[in-house]
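See structure below.
No value in this document is a laboratory result; all are computed from the given coordinates. Since the model is a prediction, treat every value here as computed from it, not as a measurement. Here the Cβ is made from the backbone with ideal geometry for all residues, glycine too, and neighbour counts use every protein chain on show.
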Amino acid sequence: MQTGYKEHIAKMLDGNIYSLAKVISMAETDPINAGEIMQHIFPHCKPSFIIGITGPPGAGKSSVIFQLARHLSSLNKKVAVLAIDPNSHLTGGALLGDRIRMDDLSDVYIRSIGNQCATGGIAVSAYFVTKILEACKYEFIFIETVGAGQSEIKVKDISDIAMLVLAPGFGDDIQANKAGIMEIGNVFIVNKADKPDSLRLEVELIDMLKSVNEDTDCIHIFRTDCINGNGFDSLIEYLIEESKAKKNKNEHSKIKTQLIELAQSKANKIIENRINSLTDIDTLLDGILSGKTNITDIIDSNVTDI
């Protein structure tokens with residue numbers, strides 16, 4: 001565990017942005033062993049409203065967040081954005097471009113982190129980062145997923161609401177016949193509403209949602225146009241009302257999900273190290289490929305005690 005984190009936590013709680021960034025980096029670098037840091041963070045957390053935003057690449061997630069964060073900030077709300085960018089499986093690096101695209105939001109704290117090659121569109125450390133931001137009294141926290149498509153469903157596990165941003169002109173517009181990303185949204189945003197096909201997309205979306213959900217009152221669809229800034233007043237009003245209604249009901253569910261996520265990550269590392277350390281690994285692999293060895297027997301004899 002890195003030293004000096006207690007001093008940075010104290011400064012962070014007093015409003016020091018540098019120390020906030022440092023504490024986030026500590027938790028992000030090694031989330032599996034960040035328990036000692038988080039033990040000092042959790043008692044300071046006050047309920048924030050966590051908004052997960054996902055959707056296919058090019059739908060305008062960053063632009064929607066920019067507009068929402070700008071509007072909320074103008075209402076004197078303390079806003080933070082956690083943008084998840086993909087890490088390279090080859091180099092481990094990440095572009096972290098969302099922070100560049102939202103650089104004009106001077107009163108909004110924006111943090112880009114790599115997804116550490118995790119599946120589901122978010123990073124293992126994302127939940128810890130939201131709690132650190134909560135401790136700093138951010139009222140609204142946006143989490144933007146990687147933007148890889150249908151598999152980005154884990155954001156719902158650490159958010160209070162999940163927004164799905166869609167836009168016309170992407171061929172298979174709403175992926176209505178596919179499972180995954182379409183099933184997690186509490187709020188659906190038809191972005192680029194200035195385009196001619198946006199109304200058709202909205203109608204298709206409504207029909208699809210009604211076919212899978214009899215309670216149409218829980219369907220919330222908003223049309224937005226980021227270029228002209230249209231459609232955001234009603235969406236902001238909805239978010240503020242939802243944030244007032246939140247009673248911190250699902251915190252146990254969130255932390256339970258994080259426990260499972262961290263346990264799985266730790267188990268994966270142990271399994272990988274154990275397989276790689278087998279002294280006769282090449283012989284075992286040759287046996288599998290030749291049909292002489294049952295691959296599940298190797299698993300049973302080497303990793304079932306984890």
Check: What is the distance, in nm, between label points placed 7 Å from the Cα along the Cα-to-Cβ direction at Ser74 and at Glu272?
Finding: 4.6 nm
Margin query: Which order do the peptides 258-270, 25-37 come out in when sorted by mean C-beta neighbours inside 10 angstrom, highest first?
Written below: 25-37, 258-270
Next item on the list: Could you tell me the convex hull volume per residue, in Å³, taken over the Cα atoms of region 258-302?
Entry: 71 Å³
Item checked: Other-chain or far-sequence residues with amide H under 5 Å of Thr224's (modelled H) -> Val190, Asn191, Lys192, Ala193
Next item on the list: Please turn the phi angles of region 10-17 into ³J(HN,Hα) values with the Karplus equation 6.51 cos²θ - 1.76 cosθ + 1.60 (θ = phi - 60°), one per residue in order, whole Hz, x for glycine and proline.
Entry: 4, 5, 4, 5, 8, x, 7, 5
Next item on the list: Run the quick spin-label model on Ile206 and Leu285: label points 7 Å from Cα toward the beta carbon, then report their separation in nm to one decimal.
Entry: 5.7 nm
Check: At a Förster distance of 35 Å, what's the computed FRET efficiency of Asp197 paired with Tyr238, Cβ-Cβ distance as r, to 0.05?
Finding: 0.90
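Over all directions, how big on average is the projection of the convex hull of the alpha-carbon atoms in region 1-43, in square nanometres?
Details: hull surface 10.6 nm².
Taking the Cα atoms of region 1-43, their convex hull projects to 2.7 nm² on average.
Sorted by packing (mean other beta-carbon atoms within 10 Å per residue), highest first, where do 296-302, 67-73, 228-234 land?
Numbers: 296-302: 12.0, 67-73: 20.4, 228-234: 13.6.
Most protected by this proxy first, the peptides run 67-73, 228-234, 296-302.
Say R0 is 22 Å: what FRET efficiency, to the nearest 0.05, do Ile255 and Asp30 get from their beta-carbon distance?
On the way: r = 18 Å, r/R0 = 0.84.
E between Ile255 and Asp30, to the nearest 0.05, is 0.75.
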